[in-house]
1. Does L55 satisfy the condition of being more than 16 Å from the chain's Cα centre (by Cα) and among the hydrophobic types (A, V, I, L, M, F, W, C)?
2. State which residue is nearest to R27 (Cα to Cα) when the search covers only segment 66-98 and only residues that are at pLDDT below 75, open to solvent by less than 90 Å² (accessible area, probe 1.4 Å) and in contact with a helix residue (DSSP H, G or I) (Cβ under 6 Å, 6 or more places away or on another chain).
3. L25 - would you say it is surrounded by 13 or more Cβ atoms within 10 Å (Cβ to Cβ) and out of contact with any strand residue (DSSP E or B) (no Cβ under 9 Å at 6 or more places or on another chain)?
4. If you take the residues in segment 52-65 that are open to solvent by 80 Å² or more (accessible area, probe 1.4 Å) and among the hydroxyl-bearing types (S, T, Y), which one is nearest to L22 (Cα to Cα)?
5. Can you work out which of the residues in segment 28-45 that are open to solvent by 60 Å² or more (accessible area, probe 1.4 Å) and of a type outside the set (K, R) is modelled with the lowest pLDDT?
6. When you check F49 against the structure, is it modelled with pLDDT of 85 or more, open to solvent by less than 60 Å² (accessible area, probe 1.4 Å), touching a Gly at 6+ places or on another chain (Cβ under 9 Å) and in a helix (DSSP H, G or I), yes or no?
Amino acid sequence: MASAAATAMVAPPSRAEILSLLRSLLRTASKFNDYNIREYIKRRSLDAFRENKSLSDPSLLASSFSDGKAQLEVAKRQAVVYSLYAPKIKSIMEIKQL
């Protein structure tokens, strides 16, 4: 019962915290060498933020924010793994036209 009370008392994140999370996700996405993965993470992050843009319930805001922070941690770990094992060739999307 105490955890339910603690959950209800959680303050929703501020606008600055939310924007900081989005910037962190986009920065993390830029660390991926693979074009497809990098663009997927950017697109997925922006889509999730647009989807949750109209949330006004503080508990839903806090829940979505904590989910976003968890996704950021996963993305950071994956960026490290991909940097170790990613192929060294560029995607056709990254090759500049002459």
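1. Details: more than 16 Å from the chain's Cα centre (by Cα): yes; among the hydrophobic types (A, V, I, L, M, F, W, C): yes.
Spelling it out, L55 is indeed more than 16 Å from the chain's Cα centre (by Cα) and among the hydrophobic types (A, V, I, L, M, F, W, C).
2. Top of the filtered list is E94.
3. Details: surrounded by 13 or more Cβ atoms within 10 Å (Cβ to Cβ): yes; out of contact with any strand residue (DSSP E or B) (no Cβ under 9 Å at 6 or more places or on another chain): yes.
Here the answer is yes, as L25 does meet what is asked.
4. Filtering segment 52-65 down to residues open to solvent by 80 Å² or more (accessible area, probe 1.4 Å) leaves 53-54, 56, 60.
If we keep only those that are among the hydroxyl-bearing types (S, T, Y) as well, we get 54, 56.
On the way: S54: 16, S56: 18 Å.
Filtering first and then ranking leaves S54.
5. Looking at the filtered set, the residue picked out is N33.
6. Values: modelled with pLDDT of 85 or more: yes; open to solvent by less than 60 Å² (accessible area, probe 1.4 Å): yes; touching a Gly at 6+ places or on another chain (Cβ under 9 Å): yes; in a helix (DSSP H, G or I): yes.
Taking the combined requirement at face value, the residue satisfies it.
The values are calculated or read from the model by the stated rules, or taken from the named source; none is laboratory data. Owing to the predicted nature of the structure, the values given are computational and were not obtained by experimental measurement. Cβ: placed from backbone, ideal geometry, glycine included. Neighbour counts: every protein chain shown. Side chains are part of the model used for accessible areas, which takes the heavy atoms of the whole protein and leaves out ligands, DNA and RNA. Shrake-Rupley method; radii C 1.70, N 1.55, O 1.52, S 1.80 Å.
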